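Q: Structure in structure tokens, see below.
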Amino acid sequence: MSRAFTKEDDAQQPPIIPPRAALPPDTPNYVTPHGLELLRAELTELEAERAQAEANRDNDADRTRLLSLFNGRLSDLSARIASAKVVDPRQQPTDEVRFGATVTLRTVSGGKSSFTRKFTLVGVDESSIAEGKIAFVAPIAKAVQGAKLGQRVTLHLGPKEEVVEVAAITYDV
């Protein structure tokens, strides 16, 4: 029988709560001070949206579903904030790639010669490819962590390898 002819209430199905960025098991939730600020701002915004949904009494079924969604998202976000371990980039060694570093890599072999790429190692919730912020658990971030200025590192980019040199390391605040 077609679903169009049944009188099932969609509110009976649990809402799908979008997952937060993945954090591998047993991996600390490192965040920059700015990343923690962003998480707290997101929490404030979600709480305001939830309060608005609670006040809306137009449709109880929609209201209940929305509140379930907000409660799930708030729970996930609160857990992420509670597990956050703030790492201040200013406290990192300036000659080594660590969490919070902005690193510039120059291709030595295996790719376009002298090609440069620049990115910052941040927490999983703060990462944004468009902004050049890479999660510290990403393969490219793992490959360069611990490297010193001038050191060569092999990157595995799909089926090919590329050797890059750490051309610059900065810790912007």
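The values are calculated or read from the model by the stated rules, or taken from the named source; none is laboratory data. Computed from a predicted model, the values in this text were never measured in an experiment. Note that we place each Cβ from the backbone using ideal geometry, even for glycine, and neighbour counts take in every protein chain shown. For accessibility, only protein heavy atoms count, side chains too; no ligands or nucleic acids. Shrake-Rupley method; radii C 1.70, N 1.55, O 1.52, S 1.80 Å.
Q: When the accessible area of the chain is computed with all protein chains present and a 1.4 Å probe, what percentage of it is carbon and sulfur?
A: On the way: 5510 of 10770 Å².
Heavy-atom surface of the chain belonging to carbon and sulfur, 1.4 Å probe: 51 percent.
Q: Per residue, how much accessible area does the chain have with a 1.4 Å probe, in Å²? The partial results should precede the final answer.
A: Values: 10770 Å² over 173 residues.
Averaged over the residues of the chain, the accessible area is 62 Å².
Q: Mind listing the phi-derived Karplus ³J(HN,Hα) values for segment 98-107, rounded to whole Hz, using 6.51, -1.76 and 1.60 with θ = phi - 60°, and x for any glycine or proline?
A: 9, 4, x, 6, 9, 10, 10, 10, 10, 5
Q: Antiparallel as a % of all DSSP beta bridges within the chain, to the nearest 5?
A: On the way: 20 of 26 bridges.
Of the beta bridges lying entirely in the chain, close to 75 percent run antiparallel.
Q: Consider the candidate values (1) 9, 28, 24, 17, 12, 7, 2; (2) 11, 37, 34, 15, 4, 0; (3) 10, 39, 40, 11, 0; state which one is P(r) over Cα pairs in 10 Å bins from 0, in percent computed from the structure displayed.
A: (1)
Q: Something else: Leaving ligands and nucleic acids out of the surface, order Glu165, Glu37 by accessible area at 1.4 Å, largest first. Write down the numbers at each step before the final one.
A: Working: Glu165 40, Glu37 120 Å².
In descending accessible area the options line up as Glu37, Glu165.
Q: Order 138-145, 77-84 from most to least packed using the mean count of other Cβ atoms within 10 Å.
A: Working: 138-145: 16.1, 77-84: 14.5.
Ranked by mean Cβ neighbours within 10 Å, highest first: 138-145, 77-84.
Q: In degrees between 0 and 90, to the nearest 10, how far off the longest principal axis of the chain does helix 33-55 point, with axes built from Cα atoms?
A: Long axis of 33-55 versus the principal axis of the chain: about 10 degrees.
Q: On a 0 to 90° scale, report how tilted helix 60-82 is relative to the longest principal axis of the chain, with both axes built from alpha carbons and the result rounded to the nearest 10.
A: 30 degrees
Q: May I have the count of lysine pairs in the chain with C-alpha atoms under 17 Å apart, counting pairs 8 or more residues apart or located on different chains?
A: Numbers: Lys112/Lys160; Lys118/Lys133; Lys118/Lys142; Lys118/Lys148; Lys133/Lys142.
Taking the chain as the scope, the lysine pair count is 5.
Q: Keeping every protein chain in place, order Asp76, Asp58 by accessible area at 1.4 Å, biggest value first, i.e. largest first. Intermediate results must be reported in sequence, preceding the final value.
A: Values: Asp76 65, Asp58 140 Å².
Ranked list, largest accessible area first: Asp58, Asp76.
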